[in-house]
Amino acid sequence: MKNDSQTFALFGNPVAQSLSPLMLGAAFREMKIDASYRALRVEDARDIPGKMEKMDIRGASITIPHKTGIMPYLDAVSDSAARIGAVNTVTRTDGGLQGDNTDWIGLVCALSEALEIKGKRFTVLGAGGAARAAVYGILHEGGIPTVVNRTTEKGQQVAKELGCDFHPLDQIQAVTGDCLINTTPVGMFPDTDASPVRADTLERFEWVMDTIYNPLETRLLKDAAGAGCQTISGATMFVHQGAQQIRIWTGLQPPTDLMKRVVLERLRDETD
Ligand code: NAP
């Protein structure tokens, strides 16, 4: 008997905490696509192509720490992923393994729900993969990003490569903008009392976004709401980056509202 069910997976280390299986599984069911999506822990990125072949995995999400390490083992990489320097989506095509980055689209979609990016000034805290995706996405949409990072050399490198300004984190009081975006892990569960910046930094920004989605409302977002800023949760970015993965793998429109509901319900349960 022919089995038409399609297999998708998440590769990373660790993977147990990921909400991708819950969110993408719910999306496939709603779309009536006969598919399974499982989380697979891998220690070495170079093992991912072999596992995809052996397990007949059609598409994979790639997460920490393999988003950069996977790149040399792919047959092709999209221009955006190459420029960002990270791949979070791999698709098995007739031409081999194709790498994409959907984090930047997730970030742009999340921001666009709250504001028009074009012409606005964004202060991006951090200089890792999420920061690079943020800077790429903001520039792509006509916004003006500035990187602010703890380690000067790393921040300067990202700013130079992608084409924007840089300021060291200890000089953030001198930086102004319309929207502050945290791409550092500061404030992520279980260290939920921490914030990457002092609360009195925030009143200068109209919008504050955290790319962290666990907890749903980080200390940074609580401080921002207290300072009168509008806040944007990392959960919205997470939903949109996953929705774009489904578009890449299936060519179909994903049920974004359902995906958001499933993710928010789970994160709210975890907060209770
Ligand atoms: P990464 O490559 O490790 O980069 C982390 C950055 O944060 C580095 O620039 C680092 O600064 C800075 N940093 C770390 N600890 C710090 C501290 N105590 N104080 C100040 N700066 C600090 O990580 P990443 O892959 O970019 O991911 C970062 C976060 O993005 C994750 O925690 C995740 O929550 C979020 N994310 C969310 C989504 C989503 O869909 N919502 C998608 C991707 C990522 P130095 O350069 O000085 O070390």
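Taking each residue of the range 186-213 that is in contact (Cβ under 8 Å) with a residue 60 or more places away in the chain and farther than 24 Å from V239 by Cβ and looking for partners that are among the β-branched types (V, I, T) and buried (at least 16 other Cβ atoms within 10 Å of the Cβ) with beta-carbon atoms closer than 7 Å, six or more apart or interchain, yields V197/I172.
Listed by first and then second residue, the pairs with beta-carbon distance under 7 Å, at least 6 apart or on different chains, first residue in the range 26-39 and in contact (Cβ under 8 Å) with a residue 60 or more places away in the chain and surrounded by 15 or more Cβ atoms within 10 Å (Cβ to Cβ), second part of a helix (DSSP H, G or I) and aliphatic (A, V, I, L, M), are A26/L258; A26/M259; A26/V262; A27/I246; A27/L258; A27/M259.
Inside the range 231-254, can you point out the residues that are out of contact with any Cys (no Cβ under 9 Å at 6 or more places or on another chain) and not aliphatic (A, V, I, L, M)? Quick ask: steps written out before the conclusion?
Filtering the range 231-254 down to residues out of contact with any Cys (no Cβ under 9 Å at 6 or more places or on another chain) leaves 231, 233-235, 238, 242, 245-254.
Matches in the range 231-254: T231, S233, G234, F238, G242, Q245, R247, W249, T250, G251, Q253, P254.
Among the strands (runs of 3 or more DSSP E) confined to the range 177-272, the ones with at least 2 residues that are within 21 Å of R150 (Cβ to Cβ), outside the structural domain of L22 (by TED's automatic domain parsing) and within 11 Å of the ligand (Cβ to nearest atom) are located at 179-182, 207-210.
So how many residues does the range 238-272 have that are of a type in the set (D, E, K, R) and either crowded, with 17+ Cβ neighbours inside 10 Å or touching a residue at least 24 places away in the same chain (Cβ under 8 Å) (or both)?
Keep residues of the range 238-272 that are of a type in the set (D, E, K, R), which gives 247, 257, 260-261, 265-266, 268-270, 272.
After this cut, where a residue has to be either crowded, with 17+ Cβ neighbours inside 10 Å or touching a residue at least 24 places away in the same chain (Cβ under 8 Å) (or both) as well, the list is 260, 266, 268, 270.
Number satisfying all stated conditions: 4.
Restricting S36, S5, S20 to residues that are under 16 Å from the mean Cα position of the chain (by Cα) and among the hydroxyl-bearing types (S, T, Y) narrows the list to S20.
Taking A235, is it of a type in the set (G, A, S), buried (at least 18 other Cβ atoms within 10 Å of the Cβ) and touching a residue at least 12 places away in the same chain (Cβ under 8 Å)?
Values: of a type in the set (G, A, S): yes; buried (at least 18 other Cβ atoms within 10 Å of the Cβ): yes; touching a residue at least 12 places away in the same chain (Cβ under 8 Å): yes.
Against the criterion (of a type in the set (G, A, S), buried (at least 18 other Cβ atoms within 10 Å of the Cβ) and touching a residue at least 12 places away in the same chain (Cβ under 8 Å)), A235 qualifies.
Every test in (1) in a loop (DSSP other than H, G, I, E, B); (2) farther than 17 Å from D103 by Cβ is passed by A127 save one, and that test is (2). On inspection, A114 does not qualify as modelled with pLDDT of 95 or more and buried (at least 23 other Cβ atoms within 10 Å of the Cβ). What is the number of the single condition among (1) more than 22 Å from C229 (Cα to Cα); (2) away from the ligand (no atom under 13 Å from the Cβ); (3) of a type in the set (D, E) that E153 does not meet? Only one criterion is unmet by E153, namely (2). Among the residues of the range 235-268, write down those that are in contact with a Pro (Cβ under 7 Å, 6 or more places away or on another chain) and not β-branched (V, I, T). Of everything in the range 235-268, those that are in contact with a Pro (Cβ under 7 Å, 6 or more places away or on another chain) and not β-branched (V, I, T) turn out to be A243, R247. Within the range 117-129, the residues that satisfy the criterion of being closer than 22 Å to A81 by Cβ, modelled with pLDDT of 95 or more and within 11 Å of the ligand (Cβ to nearest atom) are V124, G126, A127. The single residue among L24, L40 that is more than 22 Å from E270 (Cα to Cα) and aliphatic (A, V, I, L, M) turns out to be L40. Flag: D100 matches the condition of being more than 10 Å from the ligand (Cβ to nearest atom), surrounded by 18 or more Cβ atoms within 10 Å (Cβ to Cβ) and among the acidic types (D, E).
Of the numbered criteria (1) among the charged types (D, E, K, R); (2) under 19 Å from the mean Cα position of the chain (by Cα); (3) modelled with pLDDT under 95, the one D94 fails is (2).
The values are calculated or read from the model by the stated rules, or taken from the named source; none is laboratory data. Note that the structure is predicted; figures quoted are calculated from it, not measured. Please note: Cβ atoms are built from the backbone with ideal geometry, for glycine as well, and neighbour counts cover all protein chains shown.
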